[in-house]
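The values are calculated or read from the model by the stated rules, or taken from the named source; none is laboratory data. Treat the numbers as computed from the prediction; the structure is a model and nothing was measured. With ideal geometry, Cβ positions are generated from the backbone for all residues, glycine too; neighbour counts draw on all protein chains shown. All accessible areas refer to the heavy atoms of the entire protein, side chains included, with ligands and DNA or RNA removed. Shrake-Rupley method; radii C 1.70, N 1.55, O 1.52, S 1.80 Å.
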Amino acid sequence: MLRTHTCGELRITHTGSLVTLCGWVSRVRDKGGMLWIDLRDRYGITQLMAEEGQTAPELLQALRSLGREFVVQAEGTVVKRYAPNDKMPTGDIEIRVERINLLNPSKLPPFLVDDETDGGDDLRMQYRYIDLRRQPVRSKLELRHRMAQEVRRYLDERAFLEVETPVLIKSTPEGARDFVVPSRLHNGEFYALPQSPQTFKQLLMVGGFDRYFQIVKCFRDEDLRADRQPEFTQIDCEMSFVEREDILQTFEGLLLHLLKTIKGVELPPLPRLSFHEAMMRYGNDKPDIRFGMELVHLKGYGHDHTSGVDFGVFDSAERVVGIPLPGGAEYTRKQLDELTEWVKRPQIGMKGMVWMRVEADGSLKSSVDKFYTTDRLQSWREAAQLQAGDLLLVVAGSDSLTLKAASALRLELGERLGLRRADEFQALWVVDFPLLEWDEESARWMAMHHPFTSPIPEHIELLTQSPGAVLANAYDLVLNGNEVGGGSIRIHDRSLQAQLFEALGFSPEEANQKFGFLLNAFEFGAPPHGGIALGFDRLCALMGGSESIRDFIAFPKNNAGRDVMIDAPGPIDAQQRRELGL
Ligand code: ASP
């Protein structure tokens, strides 16, 4: 080894030892008579020192010629510092340098390799290998590593086998476009990169591997959205001879295990909400339940607190939804105007916002006093269970748009009130999703999860008459308002699978051409099975207290889907094109 210790491990007990360290020069401080160098490696920083009169002149000169990010090997004696630095684990000691060996010089780095850097995103990504030397980046990847180890440990202890599935495959439908790879040996033909290992894990079940997992790369060619990566990692799992409850228990256990081992947080058993209830209470199928402020339905879901006064805006609306804001009666006109502008932004799409507040004396004041008597407003207050000093913000419009807007407004208010704390964790299951959703554009039913999801047994009959009413045996795992996992009990019966393909508008020929291998496998003893996949990057980011997944990936793509370090994607040369028949 080129070193005896790391830059993070020497303590006062090592005083007097002769040690050799290797690392990068982080900072040189030259005070004339004294010279200090911060030497950094993955484990920390150790201070090297040299002193005029004590240190040999050639050595002093060699130390003076070191620049930032030079890689060196330094030998010396551990001594106690005159002025200890209690912010550094190695702050009680320093190394009196006796020999320095330059292993490799460095050009001047394009940004500061410090916890706080002056490098913008693009520059950091272009020189990611330098960015990786920064402690905040490294610690996020260390967290990711620990998470992966805990996932393996938990699943291994429960007899799950880690099996690799192929990357060059044929399409797996998860609702996105495939990335495709042209074949040289089969000109004009293409592989697809897996959007998930879905069909393979099901085939593993047919193959008798009754508990499978894989921490696996998946690829989805989707339109760009902030914080989406075209390649991402899933903890992909499947089990045989199980029912929904078994899967929920097993993977709830995994999440709780991770929260406990990684964050030291213990959660009670997770609540469960049906899709319908989640939409009604939060306007969202991945509700953030770290705070209340649940939606109040003034019109819709069987309520009507708004009709009969000739207020056109509410009369023509399919839905009128309130968001209660405890203590919000103090909001000024200006704040209310600003929130009104917020809901009118194109991303939210509301035409305006109505408010009502309960004054300290219990009287009611609203922006629609012209239309609604106190008695009518009183019914709003009761519906929303408002206390003196509370505010109700109300949006109205078409069904889906209004729920979406109310949900977004609730989250925004929660954010502004500091109720969405990154160090607080609340998770839940959302269950009983619809099996199918109607796609206006293609005028056909689409699988809400994917086409291998089983309907709940009581609903199989409904599939032909009223496909929209069929509930799926599917579930999502939600953490702090983010969907961190989703899965389902699968269809294992060939004829039911064929029936579902038909409901999705595939002709028998198409179904056969695309998924014949799976339909065939179902004729050779497919066991009942189900599974789930957890988004590993997102899970790491949430546990790391961050909204963005990018820093939890060693070499991420930017928001335009480019790797700016290796400059990909890029063109291929004419010869390669010819070989591929492109
Ligand atoms: N393959 C699914 C997905 O990627 C997960 C599952 O159903 O297990 O979302």
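Quick one: pull the percentage of alpha-carbon pairs in region 197-299 with a separation above 16 Å. Write out the running numbers ahead of the final one.
Details: 3885 of 5253 pairs.
Summing the P(r) tail past 16 Å for region 197-299 gives 74 percent.
Accessible area of region 1-85 with a 1.4 Å probe: how many percent of it is carbon plus sulfur?
On the way: 2370 of 4310 Å².
Looking at region 1-85 in its full context, I get 55 percent from C and S.
Carbon and sulfur: what percent of region 95-238's accessible surface (1.4 Å probe)?
50
Per residue, what volume in Å³ does the convex hull of the Cα atoms of the chain enclose?
226
So how much slack lies between Glu424 and Leu112, counting 0.36 nm per residue of separation and subtracting their Cα-Cα distance, in nm?
Result: 109.1 nm gained on full extension.
Can you work out the Karplus-derived ³J(HN,Hα) for every residue in region 343-355? Use 6.51 cos²θ - 1.76 cosθ + 1.60 with θ = phi - 60°, whole Hz, and x for glycine or proline.
3J(HN,Hα) across region 343-355, in whole Hz: 6, 8, 4, x, 5, 9, x, 7, 8, x, 9, 10, 9.
Accessible area per residue, 1.4 Å probe, Å², for region 272-341: what's the number?
Solvent-accessible surface per residue comes out at 46 Å².
Averaged per residue, what accessible surface does region 482-582 expose to a 1.4 Å probe, in Å²?
Ligands and nucleic acids excluded, the figure is 46 Å² per residue.
Taking the Cα centre of each part, how many Å lie between region 553-575 and region 457-478?
Spelled out, the Cα-based centre of one part sits 41 Å from the other.
Given the DSSP H assignment, sum -39500 (n - 2.57) over each helix run of at least 4 residues in the chain and divide by its residue total; what's the result at 222 nm in deg cm²/dmol, nearest 500?
Roughly -8000 deg cm²/dmol at 222 nm, from the helical runs in the chain.
Going Cα to Cα from Lys107, which lysines come in below 18 Å? Please leave out same-chain ones fewer than 8 positions away.
Answer for Lys107, where 18 Å is the Cα cut-off: none of the lysines qualify.
Dipole magnitude of the chain about its Cα centre, charges +1 at Lys/Arg Cβ and -1 at Asp/Glu Cβ only, in debye to the nearest 20?
Using only the charged Cβ atoms, the result is roughly 1720 debye.
Excluding same-chain residues fewer than 8 positions from Lys87, which aspartates and glutamates have a Cα within less than 19 Å of its Cα?
Here the aspartates and glutamates satisfying the reach criterion relative to Lys87 are Glu9, Asp38, Asp41, Asp114, Asp115, Glu116.
Which value in nm describes the separation of the simple spin-label points at Phe241 and Glu150, placed 7 Å from the Cα toward the beta carbon?
3.1
Taking the Cβ-Cβ separation of Gln135 and Thr373 as r and a Förster radius of 60 Å, what is the calculated FRET efficiency to the nearest 0.05?
The value I calculate is 0.45.
Give me, ordered by chain and number, the residues 5 or more places off Ser548 or on other chains with an amide H under 5 Å from its own placed amide H.
Under 5 Å from the amide H of Ser548: no residue qualifies.
Can you spot the lysines whose alpha carbon is less than 29 Å from Lys370's alpha carbon? Ignore those fewer than 8 places along the same chain.
Hits, sequence-local ones excluded: Lys299, Lys334, Lys344, Lys351, Lys404.
Taking loop as defined by DSSP and a crowding limit of 15 other beta carbons within 10 Å, which chymotrypsin sites (Phe, Trp or Tyr not before Pro) in region 460-538 fit? Present the calculation step by step, with values, prior to reporting the outcome.
On the way: sites: Tyr475, Phe501, Phe506, Phe515, Phe517, Phe522, Phe524, Phe536; in loops: Phe506, Phe522, Phe524.
Sparse-neighbourhood loop chymotrypsin sites (Phe, Trp or Tyr not before Pro): Phe524.
Using a Förster distance of 41 angstrom, determine the FRET efficiency expected from the C-beta separation of Arg494 and His276, and round it to 0.05.
0.85
Can you tell me the length gained on complete extension of the stretch Arg42 to Ser183, counting 0.36 nm per residue apart and subtracting the Cα distance?
That works out to 46.6 nm of additional length.
Hey, can you rank 265-276, 42-53, 541-552 by average C-beta count inside 10 Å, highest first?
Numbers: 265-276: 13.8, 42-53: 17.7, 541-552: 19.3.
Ranked from most to least packed, the peptides come out as 541-552, 42-53, 265-276.
Identify the residues of region 377-410 with backbone N under 19 Å of a label point that sits 7 angstrom from the Cα of Glu330 along the Cα-to-Cβ direction, or state none.
Backbone N within reach: 386-393.
Using a basic spin-label model with each label point 7 Å from the Cα along Cα→Cβ, how many nm lie between Asp86 and Asp567?
In this crude spin-label approximation the distance works out to 5.2 nm.
Label-point separation (nm) for Gln61 and Gln576, each offset 7 Å from Cα along Cα-to-Cβ?
Going by the 7 Å Cα→Cβ label model, 5.0 nm.
Residues with beta-carbon under 13 Å from that of Ala192, excluding Ala192: net charge, scoring Lys, Arg +1 and Asp, Glu -1?
Combined, the nearby Lys, Arg, Asp and Glu give 0.
At 0.36 nm per residue, minus the direct Cα-Cα distance, what do Arg96 and Glu382 gain on full extension? Give it in nm, one decimal, please.
Working: separation 286, 0.36 × 286 = 102.96 nm, distance 7.43 nm.
The Arg96-Glu382 span can extend by a further 95.5 nm.
Express the accessible area of region 154-225 per residue in Å², computed with a 1.4 Å probe while the remaining protein chains stay in the model.
That works out to 55 Å² for each residue.
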